[in-house]
Amino acid sequence: MKKVQAKAKVVEKYNLNAHYYVIKVKILNLEKFPTIQPGQFAQIRLDYSVNNSILPRPFTIMDYNEQDQTLRFLIKRVGKLTTYLQNVNVNETINVLFPLGNGFTLSNNSLVLAGGSGVASIILLLKNIISKNFDFDVLVGSKDITLVTFFKKEFPEINAYFSTEDGSAGEKGVITEHSLIKSINKYSKVYACGPEVMMKKIVSLCTLHNVDCEVSLENTMACGFGVCLCCVVKTIYGNLCTCTEGPVFNSKHLIW
Ligand SMILES: Cc1cc2nc3c(=O)[nH]c(=O)nc-3n(C[C@H](O)[C@H](O)[C@H](O)COP(=O)(O)OP(=O)(O)OC[C@H]3O[C@@H](n4cnc5c(N)ncnc54)[C@H](O)[C@@H]3O)c2cc1C
Ligand code: FES
């Protein structure tokens, strides 16, 4: 699949709370917008003239608009680049390399699970599932109501399930303790995106009930295209790069 290295202008940026924000960028001087699969990601890099010490970082393409030539990201501030981007001004330019990695396989009768910034990975996935008229349930887990409100705005028509650790929306507690998880065996496929501890719990339940499961890994990356080997994950096929063979893996293939 053809990758694009391009300059992109920030056209929108707003905070959801002190930690999470949404950023929309318009790709500049692009002849043909590439095909993007749900689950694929972009490496974002600052101009060297702005800062040459911050490495490129990977972020899931939350969604895109081919006509406007825009990409949207949902980002949690954790360190240098994510702090820089939270304070970026509209009209500033950044650099993007996309689309990278392999995406999800679409299935009917699925349970889509997202915890925290994992919500970024399910927006495009759900849009694709809905466009195919597939049956699905979706459960979003969050510390508080912030990501619940964001998700409801993105999909006002979906009857989603929610869990929040502070009890401000949906069931109180962590996502893996939500009552829906008890009936995980009724689904043909489970998609899980979020903290590793959450995905591992979901994978072990899917293994127990023999349910097909895909997870999106967020291993630390540097190059993003299979050169530095810093993102390897143990699989039944040996060590594989998360950036080129993932970030989406079928859980059957992972040795966790
Ligand atoms: C394929 C992929 C998709 C991703 N998609 C998203 C997304 O859509 N939204 C989002 O908010 N984040 C996403 N991440 C995580 C994001 O890449 C990191 O949060 C980011 O690299 C941190 O950069 P920084 O310069 O702000 O932090 P740094 O200054 O480099 O590090 C600050 C702290 O964050 C930790 N950190 C660094 N990288 C990661 C990581 N990959 N996961 C967890 N902690 C990390 C470091 O250990 C350190 O403690 C994704 C990661 C991958 C691999
Ligand atoms: S990030 Fe360099 S090989 Fe995956």
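The values are calculated or read from the model by the stated rules, or taken from the named source; none is laboratory data. Owing to the predicted nature of the structure, the values given are computational and were not obtained by experimental measurement. A quick note on method: Cβ atoms are made from the backbone with ideal geometry, for glycine too, and the neighbour counts reach across all protein chains shown.
Among residues that are touching a Pro at 6+ places or on another chain (Cβ under 7 Å) and not aliphatic (A, V, I, L, M), K2 is included. The listed residues are L106, L111, L125, L147, and the only one of them that is out of contact with any Cys (no Cβ under 7 Å at 6 or more places or on another chain), surrounded by fewer than 23 Cβ atoms within 10 Å (Cβ to Cβ) and hydrophobic (A, V, I, L, M, F, W, C) turns out to be L106. Scanning region 166-185 for residues that are over 22 Å from the mean Cα position of the chain (by Cα) and either under 14 Å from C213 (Cβ atoms) or not assigned by TED's automatic domain parsing to the domain that holds L147 (or both) returns a single hit, N185. Residues of region 16-35 that are exposed (fewer than 15 other Cβ atoms within 10 Å of the Cβ) and closer than 23 Å to Q67 by Cα: L28, N29, L30, E31, K32, T35.
Among the listed residues A42, A8, which satisfies the condition of being over 21 Å from F150 (Cβ atoms) and not in a loop (DSSP other than H, G, I, E, B)?
A8
Of the residues in region 139-152, not one is among the small types (G, A, S) and more than 21 Å from the chain's Cα centre (by Cα). Selection of region 146-168 for residues being in a loop (DSSP other than H, G, I, E, B) and within 16 Å of V22 (Cα to Cα) yields only F155.
Taking the condition assigned to a strand (DSSP E or B) and buried (at least 19 other Cβ atoms within 10 Å of the Cβ), does K13 pass? Steps first, please.
On the way: assigned to a strand (DSSP E or B): yes; buried (at least 19 other Cβ atoms within 10 Å of the Cβ): yes.
Against the criterion (assigned to a strand (DSSP E or B) and buried (at least 19 other Cβ atoms within 10 Å of the Cβ)), K13 qualifies.
Under the condition of being within 16 Å of E92 (Cβ to Cβ) and not β-branched (V, I, T), the residues counted in region 53-71 number 1.
Using the structure shown, decide if I54 is touching a Lys or Arg at 6+ places or on another chain (Cβ under 7 Å) and modelled with pLDDT under 95. Here the answer is yes, as I54 does meet what is asked.
Residue count for region 174-194 under the criterion of being surrounded by fewer than 17 Cβ atoms within 10 Å (Cβ to Cβ) and under 20 Å from S121 (Cα atoms): the result is 1.
Of the residues in region 227-245, at least one is within 15 Å of ligand 2 (Cβ to nearest atom) and within 19 Å of G116 (Cβ to Cβ).
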